[in-house]
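Colleague: Structure in structure tokens, see below.
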Amino acid sequence: MGWSGVKNGRLLALAADGFDAFITVDKNLPYQQNLAALPVAVVVLDAPSNELHALLPLVPVLEARLTTLEPRVCVVVRADA
């Protein structure tokens, strides 16, 4: 997408323009940005690390949550959820 180096609110605005959901491991993002102003859902992956082995168990829960997301909401996905 050519978004390398784009950060914070600008990245969310770009994502909101072409995607239904923004997926991140940044647990602070919902507190740092005004998510209600964006027409995109934010999904925070809550894992012990951002390494693939820690994120893979979240995939089934993530897939299920993506089917019911509404714009302007923030959802936290955990393996036990």
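The values are calculated or read from the model by the stated rules, or taken from the named source; none is laboratory data. What you see is a predicted model; the values in this text were computed from it and never measured. Reconstructed Cβ throughout: ideal geometry from the backbone, glycine too, with neighbour counts over all protein chains shown. Accessible surface areas use protein heavy atoms only, side chains included; no ligands, DNA or RNA. Shrake-Rupley method; radii C 1.70, N 1.55, O 1.52, S 1.80 Å.
Colleague: How charged is the neighbourhood of Ala13? Take every other residue with its Cβ under 14 Å from the Cβ of Ala13, and add Lys/Arg as +1 and Asp/Glu as -1.
Modeller: Value of the local net charge: +2.
Colleague: Given 25 °C and 0.890 mPa s, compute D for the chain with the Stokes-Einstein relation, Rh being the Kirkwood radius over Cα pairs; round to the nearest whole µm²/s.
Modeller: Values: Rh = 13.1 Å.
Calculated translational D: 187 µm²/s.
Colleague: Under a point spin-label approximation (7 Å from Cα along Cα-to-Cβ), what is the Glu63-Val76 distance to one decimal in nm?
Modeller: 2.5 nm
Colleague: With Cβ to Cβ distances under 14 Å as the rule, what net charge do the other residues near Pro48 carry (K, R +1; D, E -1)? Write out the running numbers ahead of the final one.
Modeller: Working: positive: Lys27, Arg78; negative: Asp46, Glu51, Asp80.
Neighbourhood net charge equals -1.
Colleague: Here is a follow-up. So, with a 1.4 angstrom probe, what is the percent of accessible area on the chain that is carbon and sulfur? All intermediate terms of the calculation are to be shown ahead of the outcome.
Modeller: Values: 2830 of 5310 Å².
Accessible surface attributable to carbon and sulfur in the chain totals 53 percent.
Colleague: While we're looking at this one, here's another question. Below 13 angstrom from the Cβ of Pro39, what's the summed charge of the other residues (Lys, Arg +1; Asp, Glu -1)? Could the numbers behind the result be given before it?
Modeller: Values: positive: Arg72; negative: Asp17, Asp20, Glu70.
For residues surrounding Pro39, the net value is -2.
Colleague: Still on this structure, I have one more. So with the 1.4 Å probe, I'd like the accessible area per residue for the chain, rounded to whole Å². Show your work: numbers first, answer last.
Modeller: Values: 5310 Å² over 81 residues.
Roughly 66 Å² per residue, with all protein chains present.
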